[in-house]
Each structure stands twice: as C-alpha cells, then as structure tokens.
Amino acid sequence: LPLNLFEGESIVTDEKRESAVEVIQRFVTRRRKWDAVAKKLGGERVVNAVKAVAKACRQVTDASEFEEANALITTKEVFESTKWILGSLPKDDGLLSFGRDSRSARAFLSASMIVAHPVQVLDDGEEEGGGEEEKGLLIVASKMVLTAVEQLCRALEPTSSRAELISAVLYFLFARRFQASALSAWKRVDSERLAASIVNPYSQTFAMMMAAVRMDDKDTEMAAKQQLMKMRAAMAGLLGETRAASTLNEVEVAVKVTMEDAFKQEDEAAKVREEQAEKNREDQRLKVEKQKFKAEQQAKQDEFVGKFLTNMSVTNERLCHEIILDPTYKIPGSSQEEEEGVGAEPNPAMDHAKKIQEQMKRVFWDGLVTSLTPSTHTSPEDFVVNATVQVKYGHGGAYYSGKIIEVNDEGSDDEGDEEDTVVGNRRKKSYDVVFTGDNVVQRRLPVELFRTAKDPINFKPLLKLLGEVKEKLRGIAPKKGSYLEQIDANIDLELMEQMLSKGAFDAESMSKFVNFVCGQIMYFQAPVRNKKTAEWIKVYMEEMGAAGKDGFAPLLPKFLEWVFSRVDETTKDIANSHIEMLRPKLKESGKEYERSAFGARLKEGKMKLTNTTIFVKDGLAYCLKGGLDGVDGGVLMKCAKREPMGFVMFLSASFVSLLRRPVRLDTPGYETYEGGLPETLLWDCGKMAKVRDVMDSVSLISTMVVLLRQVLARNGYIGNTGSFDEVTKELGILVSSGGVKLPDLEAYIVQKAKELCPNLPEDEQASLKSIIANSASSDNAVFKLYSKRVDKLVYDCCVHMKKEVWGKDGEQLRGKILGAGFGPFVKDIEGVMKGLIAVFHHTLVVHNEWYTKLILEAIQEHVRATAAGVK
C-alpha cells in the first residue's frame, strides 16, 4: 500500500496507522503465500499424485499378507507420486533437525506398512527387544500420516473450501514432522540394542584372536581380525565412529587384562606340571582312567543326582539347614555397613569394578540432572571454547553436560541442497566436546545437537525414576489395608507429568514428595533404623532449602540413590525377620524335619549313599592305620560293641580323613565324583573347605617359622617369642591374601632373617631359601609333625567338644587350640572350627541311623576279609 494513503497527514508519526499498515501487509503476504500453495497443489499432477498415494495406502492397510502389502507400496509410480507431493508442499525447516533417512519419501511411505503390519516391520523376533515406548509413538505417528494423506486428498476436491485446504496442509506438515521424530527415536533405540548385542561376540572374537597369536595360528588370527573389522564397521554404523571406537577399546582392554592373567596362570601351571616327579605321572594317568571308567558306568545315576542337587540347593530345606547350624545366620548385605564394605579386606579387583560402576552412575545421574536443567545459551554464537554446554549423544539421544574444547569451521553451505541450505552464505561450524560424566571426547558435532534456552525441558527420565520409587514402595508395603491406595494417591505420575509440563512442579511440590517417600520408608523399615534415617532426612531437607526454589535438580541423584538403598535394606530386614520367627521352630524340630526329608529321598530312590559308604570305609582305613594317638583298632571294637562313643570316635576319624583328601571339597560337581563328597554332607562342603585351608596354612606357617628359628639359632641368634610371633602374623597375611607364590614366601623369610641377624652368611641364606622351598613337601619331618598336630586338634574337637561352642564353651575351644601349640592362630582356627563342630554334631544327630548301619557293615566286611586272608 502507498505510504501517503491519507492525504495531508504524516503516516510516520501516526503509530496506529503504521501498525495497521503492517498488519495489512502481513495479511497480504500470507494470502499470496497460500495462493501459491493452493495453485501448486491444485495442479492436475499433484491431485493425481495425492489420489494415487491415498489409494495405495488404503490398499496396503486392507491387504492381509505382508508380501502383498509391500508390493503395493513399493511401486515406482507410488514412489514418484510421493516425491512429487512432498516437493509441492511448503518447506518445513523443522524437518532439517532429523536425518535424511527419517524424512525421505521412502520413510513417509513406510507409515502404511507400520500401521498394517507393525510386528513384521518393527519387531526382530527377540522377546525383550526394548524400545516399546518408541514403537508405540511410531505407530501413532504413522496413523497420523495416513490420516493426513486422506485429509489432503479430500481438501483437493473442487467442492472443498480454502480453509479446509490450509487445515489439511498444516496437519500434513505436522504429521510428517511427528513421523520423522518418532522414526528417529525408534532407530536410535534399535541401534543401541544392536550395538549392545555386538559387544559380547566382539569380546569373544578378540579373545580368540589373542589366543591364536599366542599359539601362532595365522589362519585363525587372520579370520578373527577380519571378523573384528566387520564388527567395528557395524558398530560405527550404529553409534558413530567416535563412540563405537571408545566402547570397543574398553572391551579390548578388559579382555586383554583377563586373557593375560589367564595366560600367566596357564604358564605357571605348565611350569608346575613340568616340575612334578616323573614316577607319579603314570600312576596319576591310570587313576584318572579308572575314575573315568567308573564314572561312565554310573553316568545315568550321576546325571540324576547332579540335577537333583541343583534343584535342592534353592529349597527351604537348605535354608533351614543353614539356620540350624548358624544361630546368627541372616541374608547377607542387610545393613548399610555391609553394602558399603565397612571393615572388609581390600580387594583390588572389586575396587576396579566399583570404580567402573561409580563412573557409569555418574554418567546416568548427569543425564538426569542435565535433562532438568535449562540451557543458559540463547544462540549458537554462545558456543565458544571452554563454554559449558548441554549436548546430545546422537540426534535422538539425551542431553549430557560437556565442555567445548574446539570450534571447527566447516565452510559455507552453498551446495544447494533442497532441505539443508542455510540462509545467506553463513559459515557452518562444528564442535569438539568432552563430556564431563566420563571424559569421552566427541568431535565435529553439529550445532543441532546442542541445547539452547528455547529448547524444552525433558521430564521423561525423572518420571521414569519416580515411577520406580513408587513401585519399590508398593513392593515393601503390606498388601492388606489402605497402604497401596495411599501410595497411589500421593504418587500420581499422570498428575506429576502435567505439573512438570506446565511448570507447576516446583521446589515445594518436590519437598512434599520427598517428605511422603521418607515417611513411608521410616514407617516400613525396622524401628532401630529410624534414628539414622531421620538424621539423613533432616540434612537433606536443609540442603534442599539452601538450594532454593529452582535448585533441587542437582540434589535428585542423592535422594533417589538413598531411597533405592533403603528400600532394598528394608526388603532384606523383612526377610531376616521371617528367619528370626522361624528360628525357634527349627531349633525345636529342624533336625527331625531334615532327617525325614533325607530319608524320603532315599526311600523314593532319588538318592543313594554311594559316596557316604566310601566315606565310612576311608574312616575305617584311617583307624586301622593308627595315624593318631588313640585312633586304632580299639575304635572298631567300641563300635562293634555298640558303644555310642565308639561311633563318635569313628566318625571323627572319618572327618579327618575326608579333610585330608587331595581334592578341594568345594570343587564344583565334586558330589558327582566316584568317592566324592558324601551325600550326608552335600551342603557343608564350603565350611569344610575353609577348615582344610586353615589346616594347611597353619601347618605351613608353623613349619617355616621353626625352620627359620633353627637356621638363626645355629648362627648365634636366639631371639624372643615376640619377634617370631610378628613373623607368624605377617606370613598369615601373605598366605591368606591370595596370589602369593612360594618364591614370594621364600624371599620374605630370607629378608626377615637378614633383619633379625644382619651378619647371616650368604651360604646360610641360600640354605634357608632351599629348606623353605621344601617346607611343604610330604617328606619334610617338621611339616609332617605340624600336620599331625592339626589332625589331632580336629579329631579332639569333634570327639570332645559340644555343638554349643558359640557361647560358654568358647574358652574350652580356645584352650584346646593353645594346648596344641597354635597360639598365634587362635582367631583363624576358632572361626572355622566352630563351624566344623556344628556340622559334625548336626550330621551325627540327623544321619545317625545311616552312619551306624554303614559303620557296622564296613566293620563286618573287614572282619570277614581278615578271616579269609584277604588284605
């Protein structure tokens, strides 16, 4: 319009007229724009294209077979018509933030196939593929696309009004953008899932390659390398080169550590095998072949017993067995101190795993806090070096905090791309970012991945975690009464989502939520924990108050971690309270219950006493050998006369014989071996293996200290008891720490000898090292002496100690340990011996009927064989 529309008056000084002119101009501009759109869409080519695509979509949704539907939608005519329609619509800049594969004509046409056959298109046959929410959104978006095509088809009819056409075009543009967004999200989830499935095969292939290099197997090495290259390419296609390389490099490092340790152990084992005496090899081979032959003969029985033991290990019977033996038994990890490892011995492997877990938690919580924190940057000009930014992992990923370390100039965008052009001749930039959560660096990230102040807050991660809090509270709440209703009423996720989206969920709302959750935890947890919980809540609420109305987001990780930990603690407390209620009943009738169950399995043929019979015969041989004072044929005479003490002594000798077997009693599957773990002691192998470890440790350390004292004495050093007690203590730490070899102990003792006797000659040092190396040999007189003392201590404890050694009889047990000359080891021996005594008296009471029968049968068989002259 002309500026001098009103003659004689100045339009510049009249604000009202100027505003009216601008309104009219904008109206005319928009009118012309929509006239152009209507004209372009009203062309015969476009109208026919819309009708063709709409018809094809209807045919696809009506087709019952997947192949038929796919053939209808993938014709050249339909594809060209779709491209013509999309090219005729107004340009939508919002689509440029999505990848080409999410906004192409092919992606647009996929909507009909997704609606008609969602299972074939979106599912891959796995039961737990993940991404259910993204699949649902994609199906909804695809339905909107089909609706948009139908509306546009009707709007292009001659009888349709201009308003209907505008409405149909706008709806079409929105549906297309919604579909691109949903498709990008679904592809991201699918890519993450596929990438995760590659990690395990990659680690196995990498391990195979390392093994091939070690064995100089060139063919296998080359095949493994080619497979690794393919997997790397596949991972890069899914996650991008930078992230894929970082992930797979971590996998390789972990595999290298594991394989190198395995190679080292293999080399050490090979060296030990080479050092074994040649005369024992043939005997060992014959013994293995004999055991293998017998195992094959009883394969069916062993298989049945093995399956039965696997099932029985999780039954109430085993839990009752543990509670009966240990009056302090409870579910592990029932307190915060146990969870945090307070008082536990250092474990480098566990510490490393804990560090990795802590780093993963930091990344996770950083994503949550970042998703709830608005960006302070208003435009891309704010993205400079050292700026703290919020940036996505991929186009559909979540925002994480990071810092820009480099700004890259990518040149001007003058390629004339239909959808990716930039206004004017603006220089395009990309950015190198280091993420603060895990220090991962990603390079040349486009500006579309960065959040600015205009981008909305993402509340989905928070809502998901709040939902987990709700479900955990429901899990510990009683199912009766109004507890569940109260939780549902106070944690209404739909209402929270509405409040968050409208900005109504502020610090006051969060404070109410925290107070309710903490109140529920205090109500359901054990009263003894309330004081500590109340102190934590007080401190946390003070921190929330100091953070202000908009600063509660950084405090969310601390609160949520605490809630999940306390709920798990309460769950274990509830289980332990049930155990405490059960304990008096088990004390009264638990042994009878276990005896009845064991007898029922024998009667039904589900178990045989094959290994228990061998266990008794070994005890008979031990008594006849007279290995210990008071353990001889006289024990058999007492049993033959049915004297109760005779059976106790016989079974005690059998225990010593069992503990001295050359195979660890907790070896996996040992119960299925010929002559393996007795059926009456299946659940006690772990306790007895600990006893054997302490027996060996005490014998070895005592022998080494005596040999050290002998060498020092002949060189003029007598010393005092305190000095050698310190050596004993330090040797105990070394032996129990794990991974310490005999050469390490030799070096320590030689070094200690030089400290105690500085003038010790070198030839004496060499002699000391030599005799220490032979300290655990079966022909070492000192070692044999201490081994016999340990055996005697075990035997005496089983024969003379009562089961109740946890309280008043503890002094009696310590007295026996001191009397055997093992004063420095009182704590170690006392710990395992209490468990052994409890096991001994328990099995003696529960299985007395079968032990008596088998012992008498073994004695009778021995008498008959002796009378017949059979050795």
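Report the FRET efficiency, 1/(1 + (r/R0)^6), for Ala245 and Asp568, where r is their Cβ-Cβ distance and R0 is 45 Å, rounded to 0.05.
After rounding to 0.05, the efficiency reads 0.80.
What is the distance, in nm, between label points placed 7 Å from the Cα along the Cα-to-Cβ direction at Lys225 and at Ser19?
Placing both labels 7 Å beyond Cα along the Cβ direction yields 7.7 nm.
Based on alpha-carbon positions alone, could you give the equivalent ellipsoid semi-axes of region 125-261 from the gyration tensor, as √(5λ), descending, whole Å?
51, 13, 11
Work out, step by step, the length gained on full extension between Thr436 and Lys538: first 0.36 nm times the residue separation, then minus their alpha carbon distance; give nm to one decimal.
33.7 nm
How high is the FRET efficiency between Ala600 and Val863 when r is their beta carbon distance and R₀ equals 22 Å, given to the nearest 0.05?
After rounding to 0.05, the efficiency reads 0.10.
Give me the Kirkwood hydrodynamic radius of region 151-196, using the inverse of the mean 1/r over all pairs of distinct Cα atoms, in Å to one decimal.
12.5 Å
Please state the shape class of region 506-566: rounded when a/c is under 1.5, otherwise prolate if a/b exceeds b/c and oblate if not, all from the C-alpha gyration tensor.
Since a/c reaches 1.5 and a/b is larger than b/c, the shape of region 506-566 is classed as prolate.
Given only helices, namely DSSP H runs of n ≥ 4 each adding -39500 (n - 2.57), what is the per-residue ellipticity at 222 nm of the chain, to the nearest 500 deg cm²/dmol?
For the chain, the value works out to -23500 deg cm²/dmol.
Between Tyr523 and Lys40, what is the label-point separation in nm under the 7 Å Cα-to-beta-carbon projection?
The modelled label-to-label distance comes out at 6.2 nm.
Given the convex hull of the Cα atoms of region 422-516, what is a quarter of its surface area in nm²?
9.7 nm²
How much of the pair distance distribution for the chain lies past 44 Å, counting alpha-carbon pairs only, in percent?
56 percent
Rounded to the nearest Å, what's the spacing between the alpha carbon centres of region 460-499 and region 582-651? Just the number, please.
So the separation of the two Cα centres works out to 55 Å.
Can you check how the C-alpha radius of gyration of region 669-804 compares to 2.2 N^0.38 Å, as a plain ratio?
1.27
What fraction, in whole percent, of alpha-carbon pairs in region 54-172 exceed 20 Å separation?
Result: 48 percent of Cα pairs exceed 20 Å.
In terms of the ratio Rg/(2.2 N^0.38 Å) built on C-alpha atoms, what value belongs to region 649-720?
In units of the 2.2 N^0.38 Å rule of thumb, it is 1.60.
Pop the C-beta distance of Met637 and Lys741 into the FRET formula with R0 = 56 Å and round what comes out to the nearest 0.05.
0.75
Can you list the residues, at least 5 places off or on another chain, whose amide H is less than 5 Å from the amide H of Val389, using H built in the peptide plane?
Hits under the 5 Å cutoff: Gly402, Lys403, Ile404.
With N set to the residue count of region 183-261, report its C-alpha Rg divided by 2.2 N^0.38 Å to two decimal places.
1.19
Sorted from largest down, what three extents in whole angstroms do the Cα atoms of region 492-640 have along their principal axes?
88, 39, 26
Using θ = phi - 60° and the Karplus relation 6.51 cos²θ - 1.76 cosθ + 1.60, list the HN-Hα couplings for region 753-769 in order, rounded to whole Hz, with x at every Gly or Pro.
Going residue by residue, I get 5, 5, 5, 6, 10, x, 8, 5, x, 5, 5, 6, 4, 5, 5, 4, 4 Hz, with x marking Gly and Pro.
Starting at 0 and stepping by 10 Å, how many percent of the alpha carbon pairs of region 820-871 end up in each bin?
Calculated P(r), rounded to whole percents: 21, 25, 22, 24, 9, 0.
In whole Hz, what ³J(HN,Hα) sequence does region 96-107 give by Karplus (6.51, -1.76, 1.60; θ = phi - 60°), x for Gly and Pro?
5, 6, 10, x, 4, 5, 9, 10, 7, 5, 5, 5
Taking the Cα-to-Cβ direction at Asn48 and at Tyr717 and moving 7 Å from each Cα, how far apart do the two end points lie in nm?
Result for the modelled spin labels: 10.7 nm.
Report P(r) for region 713-788: all Cα-Cα distances, bin width 5 Å, range 0 to the bin holding the largest distance, values in whole percent.
Taking all Cα pairs of region 713-788, the binned fractions are 3, 13, 21, 26, 25, 10, 2, 0 percent.
Tyr431's amide H: which non-local residues (gap 5+, or another chain) put their own amide H closer than 5 Å, with H modeled 1.01 Å from N in plane and none for Pro or chain starts?
HN-HN under 5 Å from Tyr431: Asn408, Arg444, Leu445.
Please state the equivalent ellipsoid semi-axes for region 551-639: what are the square roots of 5 times the Cα gyration tensor eigenvalues, largest first, in whole Å?
Largest first, region 551-639 gives 53, 21, 15 Å.
Kindly identify region 586-677 as rounded, prolate or oblate by the Cα gyration tensor criterion: order the square roots of the eigenvalues as a ≥ b ≥ c, call it rounded if a/c is under 1.5, otherwise compare a/b with b/c, prolate if a/b is larger, else oblate.
Taking the square roots of the gyration eigenvalues as a ≥ b ≥ c, region 586-677 is oblate.
Lys/Arg Cβ at +1, Asp/Glu Cβ at -1, dipole of region 732-855 taken about the Cα centre: which of Leu756, Ile855, Gly835 is farthest positive-ward?
Farthest along the dipole direction, towards plus: Ile855.
With θ set to phi - 60°, apply the Karplus curve 6.51 cos²θ - 1.76 cosθ + 1.60 along region 154-160 and write out the HN-Hα couplings as whole Hz, x wherever there is a Gly or Pro.
Coupling constants for region 154-160: 5, 5, 8, 5, x, 7, 7 Hz.
Kirkwood Rh over alpha-carbon pairs of region 26-100, then Stokes-Einstein at 4 °C and 1.567 mPa s: what D in µm² s⁻¹, rounded to an integer?
90 µm²/s
Every number in this text was worked out from the coordinates using simple rules, so none of it is lab data. No experiment lies behind these values; they were computed from the predicted model shown. Quick reminder, even Gly has a Cβ in these numbers, built from the backbone with ideal geometry, and neighbours come from all protein chains shown.
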